[in-house]
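Readers should treat all values here as calculations from the given coordinates under stated rules, not as data from a laboratory. Note that the coordinates shown come from a computational prediction; the quantities given were computed from them, not determined experimentally. Cβ: placed from backbone, ideal geometry, glycine included. Neighbour counts: every protein chain shown.
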Amino acid sequence: MAVEKMINSFYKNGEIRPELFDTVAERIARTFAKVDENDPKKRNGVTSTQIRRLFDEVKRYDRLITDEKSWIEQKPYIKMIKAKVHYTVARCKKNDKYNALYYDNLSTFLTEGIDLINTVKDYHVFVSLFEAVYGFYYENRPDMKN
């Protein structure tokens with residue numbers, strides 16, 4: 001289930017979109033993993049190890065950004081996360097062609113989200129959105145023990 005555009009904006013009328021951390025996050029998370037309809041014990045998608053690794057990378061900058069100066073210093077490195085995402089996704093798709101669409105969806109989400117980051121507030125909204133997506137993802141993650 002590919003989603004053409006996952007995030008258009010973090011805001012509506014200057015405020016954080018109320019549905020961003022709820023219905024939007026849940027819709028995005030469903031594109032990363034899915035329970036097999038023919039075999040409910042079988043799950044497909046992005047592994048929790050890969051999504052956790054990328055989440056940790058995004059979250060790492062939360063500790064480094066303490067003021068406007070540190071934001072200006074860290075912003076280029078936050079933008080560089082896109083390169084790390086593309087590398088990770090390409091490697092995973094090479095090793096797991098069956099789940100390529102799920103990895104493409106993860107890449108789309110992260111790339112679009114990072115592209116929307118222009119201020120420290122945008123960054124914190126994106127981190128919160130990723131955290132909500134990550135929480136919803138766990139419901140259908142492929143490596144869940146039954």
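Working from the pairwise distances between different alpha carbons, so that the mean of 1/r is found and then inverted, what is segment 62-146's Kirkwood radius in Å?
By the Kirkwood definition, the hydrodynamic radius is 14.3 Å.
Using the Cα centre as the reference, give the magnitude of the dipole from point charges on the C-beta atoms of the chain (Lys, Arg: +1; Asp, Glu: -1; all else neutral), rounded to the nearest 20 debye.
That gives a dipole near 540 debye.
Based only on the alpha carbon positions, what is the Kirkwood hydrodynamic radius of the chain, in angstrom?
Here the Kirkwood hydrodynamic radius works out to 15.7 Å.
Using the Cα centre of segment 19-146 as origin and beta-carbon charges of +1 (Lys, Arg) and -1 (Asp, Glu), tell me which of Tyr123, Cys92, Phe55 is placed farthest towards the positive end of the dipole.
Cys92
Which whole-Hz couplings ³J(HN,Hα) result when phi for each residue of segment 134-139 is put into the Karplus expression 6.51 cos²θ - 1.76 cosθ + 1.60, θ = phi - 60°, listed in order with x for Gly and Pro?
So the Karplus estimates, Gly and Pro as x, are 4, x, 5, 4, 4, 4 Hz.
Using a Förster distance of 22 Å, how high is the FRET efficiency between Asn44 and Ser9, based on the Cβ-Cβ distance and rounded to 0.05?
With a Förster radius of 22 Å, E is 0.15.
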